[in-house]
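In what follows, a single structure is set out as structure tokens and then discussed.
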Amino acid sequence: SARQRAGSGALSFKPIPPNQLDNLVVPNGYDHSVVIRWGDEVVPGAPDLDVHQQTAASQSKQFGYNNDFVGVLPLDRKGRRALLVVNHEYTNEELMFPGFTGHDALSVEQVKAAMAAHGLSVVELERVDGTGQWRPVRNGRRPYNRRITALATKFEFTGPAAGSVWLRTAADPAGRTAIGTLNNCAGGVTPWGTVLSGEENFNQYFVGGDGAPAEAKPKLARYGISTSARYPSGSRKWERADERFDLAKHPNEANRHGWIVEVDPFDPDSRPRKHTALGRFKHEGANVIVASDGHVVAYMGDDERFDYLYKFVSDKKYLKGNSWVARRHNLTLLESGTLYVAKLDYTSADEIDGSGRLPTDGAFNGRGQWIKLARGNRSYVEGMTVEEVLTFTRLAADKVGATKMDRPEDVEPSLATGKVYVALTNNSNRGVGANPKADEANPRTANKHGQVLELVEDRGNNSAESFAWSLPIVCGDPTDPSTYFAGYDKTKVSPISCPDNVAFDGAGNLWISTDGNALGSNDGLFATAVEGPERGHLKQFLTVPIGAEVCGPFITTDDRSVFVAVQHPGEINGATIDKPASNWPDGDFAKPAVVVAWRLDGGPVGS
Ligand code: FEO
Ligand code: CA
Ligand code: CA
Ligand code: CA
């Protein structure tokens, strides 16, 4: 969008220090409030949360658990109303159900409530008193408010693998409609006003992989599903509520998850879609930019140690404007195109010793290629059909020699510059034992703190097949010599660990949220300029309560509000709803919640 500037803006807020408070902390001059919590009303008429009486019916109308992706889409031109779209990635049954003693002991109704606590929520918001604060609209019809769940929502498959033999099940012999969405992690808002949501760790919901057909086992195993145990450790036992989660009976059901989902929040009756053209892996999310040649490009990460970075380029071109004809066309853009995986080349690979020491040429950088896996109905991978490439994309990427990365999570292009930023969270196994050694893009052995990669497509065209890359930030405590902040004075930057989600403000600054701070403080949200003399001057903007990770984040198009999702507050070993480790946000047991922060003087956030 035109609103984004190049990303050289100075960030004027005073950074907040690392802390372990059971509170959400924002800088001086800012305030924050809880927008919506687990159990709050989404669908009009939802009952109040009663943790002793959780049912599929109540949770299907309430805000779900473990909010992750956050999108805020304007509903009017005056900036008074907006639609909040949120992912609910997973459930912490021990923090939800009083007296929890194990998944086996939950009633089938409780299991169904947990399934309904997964998925997405769409909630109409109103601005409070002309400020940057927002709250849910609490009365009236609220026609857009909607819950999408793992329990009951129907999805349609699109693209070349829709209807393939790999997607057919007893319940859906045509292989064209799936029930539910699982483990929706990050996502993105498209230029045509829909939301993309990544189905990430779907493997954890399935049992019975030991009883799957022999030919299915290697494919299941590559996606992290045990093929030797009926009940892998931590199994949720959802097959007690719905036998499709038993792979011994329904081996293809796992293939119906792990996709990018597209939801149109402006059409509450629309059936959400799973786009097979974007491949199947542990999708963190997808973020779209319109390339200079008019095609749309979606950037995506597969969040697993030693997995890959991907992009999709649409066959059709984007139509500008908000006309009905343009929107209807743009809604088809992700149904056909080219799927690529990244291969990175190194300029100084022989100098990388795993310590994080900068190479003698002064930078972790190099060039790279996008390797074509499939285009339209054609496979580019030897020995695999296009349906196989798209459904078992990890296996296809293995064959073509893609670069094994340190957990690629959120991947997002700056709409101002077209440069793409990749959060590489960490990789405790890098260079350990027989695992791949450190390389220039993943330069530290047993990488605890992660790094941020910047990718610049050739000729400034996001549909290009080659690119340059560098690491502007190698995370950790700035006093640690293995860290790097784009050459900025390290005495002036905030410590950061485990970058996970990224976003941009209107000045083009990069905002980074963390998951699993290995420095011992609570997780946080950070911001830095990415161009000019302030590049690398990273500052901590916010911290979340004990046990939580920061998801979202989302800066509204008017730059007046920063939304974050506070996910799994109080998720500490041994903590339960009866013995909570956190009392955030309301003094009672912990509840995941979406928070908005704003500047008290009404100015643009960050700057
Ligand atoms: Fe759900 Fe990769 O974080
Ligand atoms: Ca180099
Ligand atoms: Ca994430
Ligand atoms: Ca994460």
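We did not get these values from a lab; they are worked out from the coordinates using the rules stated. Values in this document were obtained by computation on a predicted structure and should not be read as measured data. Virtual Cβ from ideal backbone geometry, glycine too; neighbours counted across all protein chains shown.
Dipole size of region 358-406 about its Cα centre, with +1 on Lys/Arg Cβ and -1 on Asp/Glu Cβ: approximately 160 debye, rounded to the nearest 20.
Counting alpha carbon pairs within less than 8 Å and at least 6 residues apart, what relative contact order, in whole percent, applies to the chain?
Values: 1772 pairs, mean separation 103.7, N = 607.
This gives 17 percent for the chain.
Evaluated with a Cβ-only charge set (Lys, Arg +1; Asp, Glu -1), the chain carries a dipole of roughly 1360 debye about its Cα centre, given to the nearest 20. Model label points for Ala229 and Ser33, set 7 angstrom from Cα along the Cα-to-Cβ axis, are 4.7 nm apart.
The alpha carbon radius of gyration of region 201-261, expressed as a multiple of 2.2 N^0.38 Å, is 0.98. P(r) tail, region 269-337: Cα-Cα pairs separated by more than 14 Å, 62% of all pairs. Taking the square roots of 5 times each eigenvalue of the Cα gyration tensor of the chain, largest first, gives ellipsoid semi-axes of 32, 30, 25 Å.
Which translational diffusion coefficient, to the nearest whole µm²/s, is obtained for region 81-233 from the Stokes-Einstein equation, given a Kirkwood hydrodynamic radius over C-alpha pairs, 25 °C and 0.890 mPa s? Using the Kirkwood radius from Cα pairs, D works out to 134 µm²/s.
At Asp104 and Glu243, where each label point lies 7 Å from the Cα along Cα→Cβ, what is the point-to-point distance in nanometres? Result: 2.2 nm between the two label points.
Using the structure shown, list the pairs from Lys404/Lys437; Lys372/Lys404; Lys154/Lys317; Lys112/Lys217; Lys274/Lys311 with a Cα-Cα distance above 18 Å, or answer none. Mind showing how you got there, number by number?
Working: Lys404/Lys437 10 Å; Lys372/Lys404 16 Å; Lys154/Lys317 28 Å; Lys112/Lys217 28 Å; Lys274/Lys311 16 Å.
Pairs exceeding 18 Å: Lys154/Lys317; Lys112/Lys217.
Highest-first packing order for the peptide set 174-183, 563-572 is 563-572, 174-183, based on the mean count of other beta carbon atoms within 10 Å. May I ask which residue of Thr91, Val34, Gly9 lies farthest towards the positive end of the charge dipole of region 1-120, with charges of +1 (Lys, Arg) and -1 (Asp, Glu) on Cβ and the Cα centre as origin? So the residue we want is Gly9. Under 20 Å from a label point set 7 Å out along the Cα-to-Cβ vector of Lys78, the amide N atoms of region 139-175 belong to 139-144. Taking the square roots of 5 times each eigenvalue of the Cα gyration tensor of region 158-226, largest first, gives ellipsoid semi-axes of 25, 17, 10 Å. For Phe306, project a label point 7 Å along Cα to C-beta. Then give me every residue of region 330-350 with its amide nitrogen under 18 Å of that point. Backbone N within reach: 342-344.
Rounded to the nearest 500, the 222 nm mean residue ellipticity of the chain from helices alone is -1500 deg cm²/dmol, with -39,500 (n - 2.57) taken per DSSP H run of at least 4 residues.
Place +1 on the Cβ of every Lys and Arg and -1 on the Cβ of every Asp and Glu in region 269-393, take the dipole about the Cα centre, and give the residue among Ala349, Val297, Thr332 whose Cα lies farthest towards its positive end. After comparing all options, I get Thr332.
Volume per residue for region 19-63 equals 99 cubic angstrom (convex hull of Cα atoms). Distance from the Cα centroid of region 410-478 to that of region 486-533 is 14 Å (rounded to whole angstrom). Of the residues Ala402, Phe392, Ala161, the one whose Cα sits farthest towards the positive end of the charge dipole of the chain is Ala161 (charges of +1 on Lys and Arg Cβ, -1 on Asp and Glu Cβ, taken about the Cα centre). Summarising the label geometry, the points placed 7 Å from Cα in the beta-carbon direction at Leu519 and Ser270 lie 4.1 nm from one another. The charge dipole of region 1-117, taken about its Cα centre with unit charges on the Cβ atoms of Lys, Arg (+1), Asp and Glu (-1) only, comes to about 1000 debye.
In the P(r) worked out for region 182-339, what percent of Cα pairs fall beyond 24 Å?
On the way: 4989 of 12403 pairs.
Tail of P(r) above 24 Å: 40 percent of Cα pairs.
For the pair region 552-607 and region 364-401, the centres of their Cα atoms are 38 angstrom apart. Please report Rg over Rh for region 304-381, where both radii come from the alpha carbon positions and Rh follows the Kirkwood definition. Rg divided by Rh gives 1.19. Using the Cβ-Cβ distance between Val43 and Ala214 with R0 = 56 Å, the FRET efficiency computed as 1/(1 + (r/R0)^6) comes to roughly 0.80.
Quick one: length gained pulling Arg168 to Ser466 fully straight, 0.36 nm per residue minus the C-alpha distance? Could the numbers behind the result be given before it?
On the way: separation 298, 0.36 × 298 = 107.28 nm, distance 3.65 nm.
Between Arg168 and Ser466, full extension yields 103.6 nm more.
Average 1/r across all pairs of distinct alpha carbons in region 68-118, invert it, and you get the Kirkwood radius: 13.4 Å.
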